[in-house]
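Notes follow the structure.
The values are calculated or read from the model by the stated rules, or taken from the named source; none is laboratory data. Predicted model, so just to flag it, every value in this text is computed and none were measured. Note that we place each Cβ from the backbone using ideal geometry, even for glycine, and neighbour counts take in every protein chain shown. Calculation scope for accessible area: heavy atoms of the full protein, side chains included, ligands and nucleic acids excluded. Shrake-Rupley method; radii C 1.70, N 1.55, O 1.52, S 1.80 Å.
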Protein chains: 2
Amino acid sequence: MNQDSILRSLVANNLVSDPSGARGRLLREAARLFRDKGYERTTVRDLAAAVGIQSGSLFHHFRTKEEILKAVMVETIRLNTALMQAAVDSAPSSRDKLQALIRAELESINGQTGEAMAVLVFEWRSLSEESQAYVLELRDIYEQLWLDVLQALRREGVLVADPFVVRRMLTGALSWTVTWYRSGGGLTLDDLTQQVVAMMGLTTPER
Amino acid sequence: MNQDSILRSLVANNLVSDPSGARGRLLREAARLFRDKGYERTTVRDLAAAVGIQSGSLFHHFRTKEEILKAVMVETIRLNTALMQAAVDSAPSSRDKLQALIRAELESINGQTGEAMAVLVFEWRSLSEESQAYVLELRDIYEQLWLDVLQALRREGVLVADPFVVRRMLTGALSWTVTWYRSGGGLTLDDLTQQVVAMMGLTTPER
DNA sequence: TTACAAACCAAGCGCTTGCTTGGTATTGTC
DNA sequence: GACAATACCAAGCAAGCGCTTGGTTTGTAA
């Protein structure tokens with residue numbers, strides 16, 4: 001399962017909007033605007049202008065502005081959970097699974113879904129409490145993927161630190177790359193992955 | 001130089017507002033509100049109410065709402081730069097300096113200045129470009145403290161990864177603790193410091 | 001062609017926002 | 001105790017906000 005086929009299967013099941021459709025295009029533009037200006041500073045007029053319609057017409061597709069933010073977050077988590085699951089499944093050992101997860105998350109944060117991932121991190125408080133609760137549920141599934149792998153590494157004696165603490169430190173370190181990492185600057189995502197793995201003392205033996 | 005005397009000397013030089021004064025109290029309340037609700041969602045009426053004055057009276061102390069955000073950030077960086085400097089000066093070896101920096105930053109993030117530190121991380125985009133440039137200058141001084149220590153460790157062969165990358169990963173990992181770490185939950189800041197140092201493969205030999 | 005729904009526009013309503021204004025207490029200084 | 005300077009209040013303005021409304025265009029299928 002490559003990235004494209006994963007996306008297609010989610011679209012087919014109505015879990016993620018078709019990126020080429022009207023709704024998908026709006027969500028992509030919304031993610032970009034929310035990241036660049038912040039949710040509160042982005043007006044419904046900005047959003048409408050970005051896809052070339054009148055501000056009022058937005059409310060034909062979404063009932064409120066917040067529903068747009070929620071949709072951006074929900075669809076991003078759904079997509080990335082599927083991507084992470086695929087990354088885990090394709091790696092043989094726990095060690096490889098972790099490296100695959102790190103690589104995949106760096107890709108999510110700094111690749112095509114990067115804008116939406118940044119929104120997920122920085123605009124959390126702009127969600128209503130009900131929406132937060134729903135997104136949190138989805139996020140728990142996503143996090144469990146990581147914890148399973150880290151706990152396996154712990155059992156195998158490869159990891160000495162607490163899996164929960166490690167995951168949280170990794171979340172911070174990896175999310176933060178969105179503020180400074182730029183591809184094409186000599187440092188590839190593979191390099192970054194290696195550095196992270198190395199920082200954790202998990203370099204593969206043959207290195 | 002303990003924390004209190006560092007603060008007092010900054011106050012004496014007008015680099016930081018006296019926390020017990022009117023301005024200092026407002027800035028502390030502002031930091032709290034900005035962190036809890038976000039800068040944009042916090043109104044000048046909220047800020048005024050938090051210190052018991054009318055909204056219009058705020059503009060006797062600050063020309064604009066943004067100036068309040070800027071002041072929160074500037075004073076926080078000034079204070080923390082001084083705290084970090086003291087941490088570095090008090091440690092003998094490079095290894096100890098790094099550990100002291102990590103410990104001090106965790107303290108800043110999760111201690112008394114935690115609210116303001118969170119604002120620094122999450123409300124960056126709400127600053128005007130001019131203010132951003134000014135705060136960036138201050139931040140560079142702060143970051144140089146870290147880089148000096150990390151580069152020394154690199155020269156000593158203790159650190160193999162790129163100091164810039166390491167610092168950025170640390171920034172993310174440590175900042176992120178503000179979203180999950182709560183003191184009194186069995187995990188102390190010293191424990192956390194140890195885990196971070198351990199994750200970097202920098203545990204002291206006698207361990 | 002007709003029928004109907006989905007997509008969109010033009011206009012604007014009601015409310016909140018940051019900030020201003022003109023005036024009144026309070027405080028510190030000689 | 002006179003007198004600025006500082007700190008504050010009460011009221012409200014202009015602008016921008018999310019969202020609504022009534023009506024028009026566009027796409028689709030028989």
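For this structure, a couple of remarks:
- Size of electric dipole in the protein assembly as shown: Cβ of Lys, Arg +1 and of Asp, Glu -1, about Cα centre, debye, nearest 20: 500
- For segment A:3-199, a crude dipole built from +1 on the beta carbon of Lys and Arg and -1 on the beta carbon of Asp and Glu, taken about the Cα centre, is about 320 debye to the nearest 20.
- Remark: mean inter-chain Cβ contacts per residue of B:161-170 equal 5, using a 10 Å Cβ-Cβ cutoff to other protein chain atoms.
- Estimated inter-spin distance, A:Arg63 and A:Leu136, nm [label 7 Å along Cα→Cβ]: 2.1
- Between helix B:163-176 and chain B: long-axis angle, C-alpha atoms, 0 to 90°, nearest 10: 50
- Residue-normalised accessible area of segment B:3-199, given per residue in Å² at a 1.4 Å probe: 47
- Counting only alpha carbon atoms, the long axis of helix A:94-110 and the longest principal axis of chain A meet at about 30°.
- Relative contact order, percent, segment B:3-199 [alpha-carbon distance under 8 Å, six or more residues apart]: 22
- For segment B:95-166 versus segment A:141-175, the gap between their alpha-carbon centres in whole angstrom: 24
- Compared with its chain on its own, segment A:30-50 contains the following residues whose accessible area drops by 20 Å² or more in the full protein assembly (probe 1.4 Å; ligands, DNA and RNA excluded): A:Arg35, A:Glu40, A:Arg41.
- Oblate is the label for the protein assembly as shown. Its Cα gyration tensor axes, ordered a ≥ b ≥ c, give a/c of at least 1.5 and b/c at or above a/b.
- For A:138-145, mean number of other protein chain Cβ atoms within 10 Å: 0
- In the distance distribution for segment A:3-199, Cα-Cα pairs more than 31 Å apart total 21 percent.
- Cβ-based charge dipole, chain A, positive-most Cα from A:Leu174, A:Ala48, A:Val149: A:Ala48
- Lysines whose Cα lies under 27 Å from that of A:Lys37, excluding same-chain neighbours fewer than 8 positions away: A:Lys65, A:Lys70, B:Lys37, B:Lys65, B:Lys70
- With a 10 Å cut-off around each Cβ of A:193-202, the average count of Cβ atoms from other chains is 4.
- Take the accessible area of chain A alone and of chain B alone, subtract that of the pair, and you get about 2900 Å² summed over both chains, using a 1.4 Å probe.
- Between 0 and 90°, nearest 10: helix B:3-12 axis offset from chain B longest Cα axis: 50
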